[in-house]
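Engineer: Below: one structure in C-alpha cells.
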Amino acid sequence: MTVHEMKHAASDSARLEAVGGRLSRVDGPAKITGAAHYAFEQQLEGLTHAVLIGATIAAGKVTAIDSRAAETAPGVLAVLTPDTIMELRGASDWFGSPPSRKTYCPLAREVTYSGQHVAAVVAETFEQAVAAAALVKVSYDEAPAIVDLGDGGDGIPIDAMTKEWGDAEATFAEAPVRICAAYNTPREFQAAMEPHGLIARWEGDELTVWEPSQWLDGMARTYAEWFGIPFEKVRLVSPYIGGGFGSKALALAHSAVAAAAAKMLGRPVKLVLTRPQNFTSYGGRAATRQTVAIGADRNGKIQSIVHRGVNETAVDGTWVEPLGAVTSIMYATPNFSSKQNVVRVNTVVPGAKRAPGENPSAFGIECAIDELAYELGLDPLEMRLINYAEQDPHTKKAWSTRQLREAFAAGAEAFGWAKRSAEPRSMRDGHHLIGWGMAAGTYPVRRAYGEAVVKLLSDGSVEVESSSIDMGQGTYTILAQTAAETLGVPVERVLVKLGDSRLARAGVTGGSRLAGIMTGAVHKAASQALDELIGLALSDPRSPFHGLQANTLVVKEGRIASPRGEGPELSISELLSALGREGIEAKGDTVPASFTPEQRYNNYTTIAMALPHTEGDYSRHSWCAHFVEVRVDEDFGTVRVSRVVSALDSGRLYNPKLAESQWKGGIIMGIGQALLEEGIVDRRHGRIVNGNLADYMLPTNADIPDIQTISVGIPDPHSSALGGKGVGELGIVGVAPAIANAVFHATGKRVRDLPITLEKLI
C-alpha cells in the first residue's frame with residue numbers, strides 16, 4: 001500500500017467512525033456469537049417458574065377458582081388467585097397522574113376481555129407449572145361482550161383531539177369538487193420475536209428485575225409504587241431487547257404477578273408469556289374508523305377538509321389513537337375540522353405500535369388525496385404539490401426544516417414516476433396488472449432530556465454509560481460514534497454500557513426520540529471530559545505540555561499534540577500516567593439548570609416533561625414520500641409489492657447505514673399492514689383466533705422486494721443538538737396508503753379497508 005493509499009484508508013476509517021459514518025453495529029458480534037445475554041437468559045440460584053391462566057370469556061365475573069388439584073401437583077410452590085396474591089398499591093400512569101384506586105390486583109375478578117390474567121401457578125420447573133396450570137378450574141358468570149367497533153355505537157368524544165379553523169363543513173358543502181369516504185384499519189399487533197416476560201428477584205427490600213424494557217426508569221417507578229419502596233431500591237436490567245415496537249415501555253399485569261410471587265416465595269421467579277398471551281396481555285394498535293371529506297376547486301386547490309375518526313379502546317382503560325395527527329398538517333387548507341371519539345370494547349387496553357396515530361391518520365388522508373386527484377384528473381404527485389403546506393397549517397408556525405418537496409422530486413426521479421400511465425388498469429405484464437401509487441408521511445420530532453456519563457480510562461479507552469436501551473435500532477453504535485468523534489479516539493476504544501437503571505438516567509425509548517436526546521447528552525459529557533483532559537495537560541506541572549504558549553491541544557486517534565507542532569505527542573494513556581490520574585469522568589445532561597430534583601425525577605420516570613414538537617417558533621417533523629409498484633394477478637386477485645422507492649427527511653443522519661435499516665424495517669411493517677396483518681376476533685366469544693405467529697400474517701423475505709431509500713434531509717438545529725430528526729417510526733407512515741393507491745391504479749378498485757386481501761378484489 002502506498003503512502004497515498006494509507007492516508008486515503010485512514011481518512012475513510014475516520015469518516016466511518018465519526019458521526020455520520022456508516023459504521024456497522026458494534027453489538028453485532030455479541031449477538032452473532034451468543035455473547036449477548038437477553039433478560040430471560042440470566043441463570044439465578046433457586047429460580048422458579050410462573051405460568052399465567054387467562055380468562056376464557058370476554059366479559060363477566062370469576063365466581064370460583066378450584067386450585068386444589070394444582071396445589072398438590074409435583075413441584076408446585078404456589079397457586080396465585082385474586083384472593084391469595086399479596087396486595088399491591090396503585091401506581092401512577094405514564095403521565096404521572098395519581099392512581100384511581102389505592103390498591104392494585106393484577107389478577108382479575110371482573111373480566112373485561114378474553115385472555116385476561118385470572119390466576120397463576122409457580123413451580124420448581126416450567127414444565128411442572130404448565131402441567132399444574134391445566135388443573136386449575138375457573139368458573140364464570142358470563143356477560144354479553146362488545147366485540148368490536150361495530151358493536152359500540154358512536155363512542156365517547158375526546159375533546160383534546162378536536163382541531164378546527166375556518167368553517168370546514170359549510171365550505172365543503174359549497175365546494176365545486178368533493179370526495180367523502182370512510183377508511184378502516186383493523187386491530188394489529190407488535191408481534192416482536194422476543195416475547196414479553198421477566199425474572200424478578202428480591203434481596204431484602206431491594207428488587208431486581210431482568211425484563212426487556214424500552215423505559216427502565218419509568219418501569220422502575222411503577223414497581224417502586226406497587227410495592228411501596230423507594231425508587232432507588234428497584235433495579236431494571238435490560239441490556240438487549242428482541243424487538244418492542246412500542247409494546248415494552250410499561251410494567252404490566254404479568255410483571256406485577258412475577259414480582260409479587262418472588263416477594264411471597266422469597267425466591268426469584270421467571271415468567272415468560274406464551275405466544276398467544278402476547279396477543280392479549282398488552283395492547284397492539286387499536287382498530288380505527290375514519291371518514292375524510294375534502295372539498296376543492298376545479299384546479300385542485302383544497303378549500304376544506306372535514307375529518308371524523310373513532311378508535312376502539314378498552315372497557316376499563318382509555319387509549320386514544322390520534323387520527324387527526326397527519327390530516328391536520330400535511331396539506332394547506334383554509335378550512336379544517338377534525339374530531340375523534342373512542343368506543344369501549346371488551347379488549348385489553350390498546351397501546352403504541354410503530355407511529356401510533358400518524359400511521360392510520362396517513363392511511364385516511366393519503367388515500368383521500370389520491371381519490372381527489374382522480375376526481376379532478378390530476379396526477380397524484382401534482383395534487384400534493386399544488387397543496388404543499390409552506391408552514392404548519394394548524395399552529396401557523398414555520399417548519400424547522402421540511403424537505404418534503406425534495407423528497408417528492410428525488411423519489412419520483414428514482415422511481416420513474418413520469419413514465420406512469422394515468423388510467424387505471426392501463427399497465428400490465430402478461431396476466432399481472434401493474435399499479436403505481438404514492439403517498440406522503442410525517443412524524444413529529446419528540447424531544448426531552450437525557451444524561452450520560454463518559455469515562456476516559458487510564459489505558460486510553462472510553463466508557464459511555466446510560467440507562468437508555470438498544471432494541472435493535474443501533475444505540476450502542478451511534479453513542480460510540482458520538483463519543484469517539486468528540487474525544488478524538490478510535491471507535492473500537494469506546495465501550496457503551498446501556499440497559500441498567502443504575503446508570504445515568506434516560507427517558508422512554510419511543511417516539512423516535514432517543515437518538516436525538518442521547519447523542520446530545522453523550523456529546524456534552526464527552527466535551528466536558530475532553531475539556532478537563534486538555535485543561536490538565538496545559539495546567540498541571542507534571543504534564544509534558546505544561547507551559548506551552550497554546551490555549552488548546554488537539555486530540556486525534558487517541559493521541560494528544562499541539563496544533564502548532566511544538567512540544568511532544570503523547571497517547572491519552574501516557575498523559576494520564578504522567579498526571580498520576582486513573583482517569584477522567586464527566587456527566588453531561590441536557591436538563592435545564594432550573595429543574596428541581598422533583599422535576600428531574602419526573603423527567604425520566606414520566607412523559608410529562610417532554611417538549612412539544614411545536615414549542616417555540618417552529619413546528620418540527622420528519623417527512624417522507626413513498627413510491628410503490630404492485631403486481632396484481634388478474635385471475636386470482638393476489639397482490640405483491642414488486643418495487644419500493646422512498647425518499648425521507650430525518651435531518652442529519654447519525655449513521656446512514658443504521659437509519660436506512662430502520663427506514664426499511666418500517667416500510668416492511670407497512671407492507672405487512674397493507675396486505676397481511678389483521679387481528680381476527682371470534683364474535684361468539686370475543687377471542688383473538690389468530691393469536692400466534694402461524695396464523696397472524698406477517699411479511700417474510702418472500703413478500704419483500706428490493707427497497708430503495710433516499711435521504712433528502714439537512715441538519716435541523718431546532719430539533720436536536722446534532723441536527724437529527726426522528727428515524728424509526730417515519731418509514732412506516734404512508735406505506736399502506738401508497739400500496740392501496742397502487743392497487744387502485746392497477747385494478748380500478750378502491751379498497752378502503754385494510755388489509756387488502758384477494759376477496760376484496762375479486
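The values are calculated or read from the model by the stated rules, or taken from the named source; none is laboratory data. Quick caveat: nothing in here was measured; it's all calculated off a predicted structure. A quick note on method: Cβ atoms are made from the backbone with ideal geometry, for glycine too, and the neighbour counts reach across all protein chains shown.
Engineer: Can you name every residue in segment 114-144 that is crowded, with 19+ Cβ neighbours inside 10 Å, part of a loop (DSSP other than H, G, I, E, B) and in contact with a helix residue (DSSP H, G or I) (Cβ under 6 Å, 6 or more places away or on another chain)?
Structural biologist: Answer for segment 114-144, where residues must be crowded, with 19+ Cβ neighbours inside 10 Å, part of a loop (DSSP other than H, G, I, E, B) and in contact with a helix residue (DSSP H, G or I) (Cβ under 6 Å, 6 or more places away or on another chain): just VAL136.
Engineer: So, one more: Select from segment 735-762 the residues that are farther than 12 Å from ILE671 by Cβ, buried (at least 24 other Cβ atoms within 10 Å of the Cβ) and touching a Cys at 6+ places or on another chain (Cβ under 8 Å) and list them in ascending order.
Structural biologist: PRO737, ASN741
Engineer: Examine segment 92-113 for a residue that is within 22 Å of THR347 (Cβ to Cβ), polar (S, T, N, Q) and surrounded by 13 or more Cβ atoms within 10 Å (Cβ to Cβ), and state whether such a residue exists.
Structural biologist: Taking every residue of segment 92-113 in turn, at least one turns out to be within 22 Å of THR347 (Cβ to Cβ), polar (S, T, N, Q) and surrounded by 13 or more Cβ atoms within 10 Å (Cβ to Cβ).
Engineer: Condition first: closer than 20 Å to ARG285 by Cβ, touching a helix residue (DSSP H, G or I) at 6+ places or on another chain (Cβ under 6 Å) and not aliphatic (A, V, I, L, M). Now tell me which residues in segment 647-678 satisfy that.
Structural biologist: Hits for segment 647-678 are TRP663, GLY666, GLY670, GLN673.
Engineer: Select from segment 733-762 the residues that are among the small types (Gly, Ala, Ser), outside any helix (DSSP H, G or I) and either over 17 Å from TRP417 (Cβ atoms) or not assigned by TED's automatic domain parsing to the domain that holds THR638 (or both) and list them in ascending order.
Structural biologist: Step one: list which residues in segment 733-762 are among the small types (Gly, Ala, Ser), which gives 734, 736, 738, 740, 742, 746, 748.
So of that shortlist, the ones also outside any helix (DSSP H, G or I) come out as 734, 748.
Hit for segment 733-762 is GLY748, nothing else.
Engineer: If you don't mind, there's one more thing I want to ask. Taking the condition touching a helix residue (DSSP H, G or I) at 6+ places or on another chain (Cβ under 9 Å), at pLDDT 95 or above and over 30 Å from PRO195 (Cβ atoms), does LEU23 pass?
Structural biologist: Judged against the criteria, LEU23 is a match.
Engineer: Do we have any residue at all in segment 679-690 that's more than 19 Å from SER281 (Cα to Cα) and touching a Ser or Thr at 6+ places or on another chain (Cβ under 9 Å)?
Structural biologist: no
Engineer: Moving on to the next point. Can you say whether ARG235 is touching a residue at least 60 places away in the same chain (Cβ under 8 Å), surrounded by fewer than 22 Cβ atoms within 10 Å (Cβ to Cβ), in a strand (DSSP E or B) and assigned by TED's automatic domain parsing to the domain that holds SER114, as far as the supplied structure shows?
Structural biologist: Against the criterion (touching a residue at least 60 places away in the same chain (Cβ under 8 Å), surrounded by fewer than 22 Cβ atoms within 10 Å (Cβ to Cβ), in a strand (DSSP E or B) and assigned by TED's automatic domain parsing to the domain that holds SER114), ARG235 qualifies.
Table: residues versus (1) within 25 Å of the chain's Cα centre (by Cα); (2) buried (at least 23 other Cβ atoms within 10 Å of the Cβ); (3) assigned by TED's automatic domain parsing to the domain that holds GLY242.
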residue: ALA175; (1), (2), (3): no, no, no
residue: TYR183; (1), (2), (3): yes, yes, no
residue: PRO186; (1), (2), (3): yes, no, no
residue: LEU198; (1), (2), (3): yes, yes, yes
residue: ASP205; (1), (2), (3): no, no, yes
residue: LEU216; (1), (2), (3): yes, yes, yes
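Engineer: Here's something else I'd like to know. Does segment 617-636 contain at least one residue that is within 30 Å of ALA251 (Cα to Cα), of a type in the set (Ser, Thr, Tyr) and either touching a His at 6+ places or on another chain (Cβ under 8 Å) or at pLDDT below 95 (or both)?
Structural biologist: No, because not a single residue in segment 617-636 is within 30 Å of ALA251 (Cα to Cα), of a type in the set (Ser, Thr, Tyr) and either touching a His at 6+ places or on another chain (Cβ under 8 Å) or at pLDDT below 95 (or both).
Engineer: A follow-up question, please. Residues that are free of Cβ contacts under 8 Å to residues at least 60 places away in the same chain and either crowded, with 24+ Cβ neighbours inside 10 Å or more than 30 Å from ILE57 (Cα to Cα) (or both): does segment 675-695 have at least one?
Structural biologist: No, the conditions are met nowhere in segment 675-695.
Engineer: Here is a follow-up. Among the residues of segment 705-762 satisfying the criterion of being among the hydrophobic types (A, V, I, L, M, F, W, C) and touching a His at 6+ places or on another chain (Cβ under 8 Å), which is farthest from ALA515 (Cα to Cα)?
Structural biologist: So, considering only residues that are among the hydrophobic types (A, V, I, L, M, F, W, C) and touching a His at 6+ places or on another chain (Cβ under 8 Å), the one farthest from ALA515 (Cα to Cα) is ALA738.
Engineer: Are there any strands (runs of 3 or more DSSP E) wholly within segment 271-376 with 3 or more residues that are closer than 28 Å to LYS749 by Cα and more than 26 Å from the chain's Cα centre (by Cα), and if so which?
Structural biologist: By residue number, 288-296, 302-314.
Engineer: If I filter segment 64-91 down to residues being without any contact (Cβ under 8 Å) to a residue 24 or more places away in the chain and hydroxyl-bearing (Ser, Thr, Tyr), which single residue comes out as surrounded by the fewest Cβ atoms within 10 Å (Cβ to Cβ)?
Structural biologist: In this case the residue turns out to be THR72.
Engineer: Give me the pairs: first residue in segment 17-28 and farther than 20 Å from SER650 by Cα and aliphatic (A, V, I, L, M), second residue buried (at least 18 other Cβ atoms within 10 Å of the Cβ) and modelled with pLDDT of 95 or more, beta-carbon distance under 6 Å, and six or more apart or on different chains, which are they?
Structural biologist: VAL26/TYR476; VAL26/THR477; VAL26/ALA480
Engineer: Okay, moving on. Filter segment 417-467 for residues that are closer than 26 Å to THR614 by Cα and basic (Lys, Arg); which is surrounded by the fewest Cβ atoms within 10 Å (Cβ to Cβ)?
Structural biologist: Going through the qualifying residues, I end up with ARG447.
Engineer: Does at least one position in segment 151-168 carry a residue that is aromatic (Phe, Trp, Tyr) and buried (at least 20 other Cβ atoms within 10 Å of the Cβ)?
Structural biologist: Scanning segment 151-168 turns up no residue that is aromatic (Phe, Trp, Tyr) and buried (at least 20 other Cβ atoms within 10 Å of the Cβ).
Engineer: So, one more: Can you name the number of the only condition in (1) under 24 Å from the mean Cα position of the chain (by Cα); (2) modelled with pLDDT of 95 or more; (3) assigned to a loop (DSSP other than H, G, I, E, B); (4) more than 30 Å from THR56 (Cα to Cα) that ILE710 fails?
Structural biologist: Against the list (1) under 24 Å from the mean Cα position of the chain (by Cα); (2) modelled with pLDDT of 95 or more; (3) assigned to a loop (DSSP other than H, G, I, E, B); (4) more than 30 Å from THR56 (Cα to Cα), ILE710 comes up short only on (3).
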